[in-house]
Amino acid sequence: MAYYVLFHTKGWMVSLCEGKRDWQMMCDGYRIVKYPASGVSFAALKAALERLGEYLPYTLAEQKIDLDEYARKLANHACVDLVLSADGRVVGIQAYYTNDTVTRKAYATFFSLEPECRGTGIAKRMMRLLMDTAKANGMSVIEGNVAKNNARARALYEGFGFAVTAEASGEKVVMSQRLE
Ligand SMILES: CC(C)(COP(=O)(O)OP(=O)(O)OC[C@H]1O[C@@H](n2cnc3c(N)ncnc32)[C@H](O)[C@@H]1OP(=O)(O)O)[C@@H](O)C(=O)NCCC(=O)NCCS
């Protein structure tokens, strides 16, 4: 399979596979890839959502989210970016909706990395990908709910220009960023 290197910056290589949308970013053996183009199965996605969901301030179970239903909804309607380790494990996921063409508001629904990937710059790469994809899909705003006490996630969002725009239920705030 032929890959074209688009650019090389700060140790990251960005490449595009000929004729497909499965472009990847690689650093230290980690790749950021798009589901489903990554070849990761639905079962593996579901298992990774369950595992990585345990790191959220409120786990999926605590939020009373049905895992099977949630995974299907993401697979069918959301943009899902995966971080794969060199040995093919799913070590990070971010998922966001860019399908509301009326309000043009994108909604970030899931973001979690294994501890081994934190503090490495991968989270920032993923945020950049989220913003670029939302913009490319015609969105004008990105919004997400963040737990008030999740200082690390809030700092990450703030670093990308997000600001608190409202209170949300369950000790969370809405953070938003305009894309235009
Ligand atoms: C949230 C998450 C994806 C962020 O990824 P990360 O790799 O940890 O993020 P970074 O290391 O790039 O840190 C982001 C920012 O927070 C800062 N930060 C790190 N630890 C912090 C802490 N304990 N308190 C406050 N800020 C902190 C960093 O300095 C960085 O800011 P900077 O770019 O200005 O230096 C990751 O921590 C994670 O998966 N957490 C568990 C799941 C979760 O909480 N998901 C978010 C749901 S909204």
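The values are calculated or read from the model by the stated rules, or taken from the named source; none is laboratory data. A quick note: this is a predicted structure, and the numbers were derived from the prediction, not measured. Note that we place each Cβ from the backbone using ideal geometry, even for glycine, and neighbour counts take in every protein chain shown.
Summary table
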{"read-out": "Hits in the stretch 98-150 (condition: more than 9 Å from the ligand (Cβ to nearest atom), modelled with pLDDT under 95 and basic (Lys, Arg))", "value": "Arg125, Arg128, Lys135"}
{"read-out": "Qualifying residue in the stretch 32-45 (condition: within 25 Å of Gly161 (Cα to Cα), polar (S, T, N, Q) and touching a residue at least 24 places away in the same chain (Cβ under 8 Å))", "value": "no"}
{"read-out": "Of residues in the stretch 78-118 being among the acidic types (Asp, Glu) and in contact with a helix residue (DSSP H, G or I) (Cβ under 9 Å, 6 or more places away or on another chain), the one surrounded by the most Cβ atoms within 10 Å (Cβ to Cβ)", "value": "Asp81"}
{"read-out": "Total residues in the stretch 54-77, condition away from the ligand (no atom under 16 Å from the Cβ) and either farther than 22 Å from Thr98 by Cα or not in a helix (DSSP H, G or I) (or both)", "value": "2"}
{"read-out": "Filter pass, Gly92 being near the ligand (Cβ under 8 Å from one of its atoms), in contact (Cβ under 8 Å) with a residue 12 or more places away in the chain and under 17 Å from Pro36 (Cβ atoms)", "value": "yes"}
{"read-out": "Hits in the stretch 126-139 - residues which are farther than 14 Å from Ala153 by Cα and touching a residue at least 60 places away in the same chain (Cβ under 8 Å)", "value": "Leu129"}
{"read-out": "Considering residues of the stretch 1-53 that are of a type in the set (Lys, Arg) and at pLDDT below 80 only, the residue farthest from Met126 (Cα to Cα)", "value": "Lys20"}
{"read-out": "Some residue of the stretch 151-161 being surrounded by 21 or more Cβ atoms within 10 Å (Cβ to Cβ), among the hydroxyl-bearing types (Ser, Thr, Tyr) and near the ligand (Cβ under 10 Å from one of its atoms)", "value": "yes"}
{"read-out": "Checklist (1) under 27 Å from Glu62 (Cβ atoms); (2) not in a strand (DSSP E or B) applied to Gly138, failing item", "value": "(1)"}
